[in-house]
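The block underneath contains the structure these notes are about, expressed in structure tokens.
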């Protein structure tokens, strides 16, 4: 596996907890001596992972973004495949709960969607192989650890994958501004996949045609639409409300 960098305390701590074997080296900004640093360095020592206290300029050279005083070099995680996902779903006791992102290319939006997906109990996030943001350090930072807990599955043919889900009894609910039904009229209680479109463009035609139901988010103000990560959060929490009830 190739090597990569992650940054931010949530992201580093998530790898330390979920996939400690990926950690290669950690750099921490000088001047921090709090309990968080002590806990992380003690864990690194127990794993035999090297770490250094360095000046902020050393961290700035390695990554671009707000690193919060910690950067880690890690072995790149293996991406999930369709087969991996199907094996995991086969062993689930709870009804299937998935998020499909059709062409979300902004890393901040992908990271925010992963974070919300983790919060509501989504079992996996599915994206097309092309025209989708990669699992970059920025995505991991924005996700605040969710990139290490929620599988991100890249599929070669999204329409074919959606047909397979439908054949397995998963209800596909997509969002579209012109849809006749609202978010609050949809039933999210059974096996379901929420399908969200790209920033600005929405769902592609084939993706839209493979949805069982199209819904809109009621808008009362002057703006025409919501940011995709915000819209995803609104829909996922309505789904969670129904599933908890």
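Among the residues making up region 7-35, those that are under 25 Å from the mean Cα position of the chain (by Cα) and either over 14 Å from residue 67 (Cα atoms) or assigned by TED's automatic domain parsing to the domain that holds residue 111 (or both) are 14, 15, 16, 17, 18, 19, 20, 21, 22, 23, 24, 25.
For region 192-199, state whether one or more residues are farther than 15 Å from residue 232 by Cβ and touching a residue at least 24 places away in the same chain (Cβ under 8 Å). Walk me through it before giving the result.
Applying the first criterion (farther than 15 Å from residue 232 by Cβ) to region 192-199 yields none.
No, because not a single residue in region 192-199 is farther than 15 Å from residue 232 by Cβ and touching a residue at least 24 places away in the same chain (Cβ under 8 Å).
When each of 91, 50 is tested for being more than 20 Å from the chain's Cα centre (by Cα) and in the same structural domain as residue 121 (by TED's automatic domain parsing), the lone residue that passes is 91. On the basis of being within 13 Å of the chain's Cα centre (by Cα), under 30 Å from residue 34 (Cβ atoms) and at pLDDT 90 or above, does residue 72 make the cut? When the stated conditions are applied, residue 72 does not pass them. Here the strands (runs of 3 or more DSSP E) wholly within region 36-133 that include at least 2 residues being in contact with a helix residue (DSSP H, G or I) (Cβ under 7 Å, 6 or more places away or on another chain) and surrounded by 13 or more Cβ atoms within 10 Å (Cβ to Cβ) are 70-75, 97-102, 124-128. Filtering region 134-163 to residues that are in a helix (DSSP H, G or I) and closer than 26 Å to residue 69 by Cβ leaves 137, 138, 139, 140, 141, 142, 143, 146, 147, 148.
The values are calculated or read from the model by the stated rules, or taken from the named source; none is laboratory data. Keep in mind the model is a prediction, meaning the values are calculated, not measured. Glycine gets a Cβ as well: all are built from the backbone with ideal geometry, and neighbour counts include every protein chain shown.
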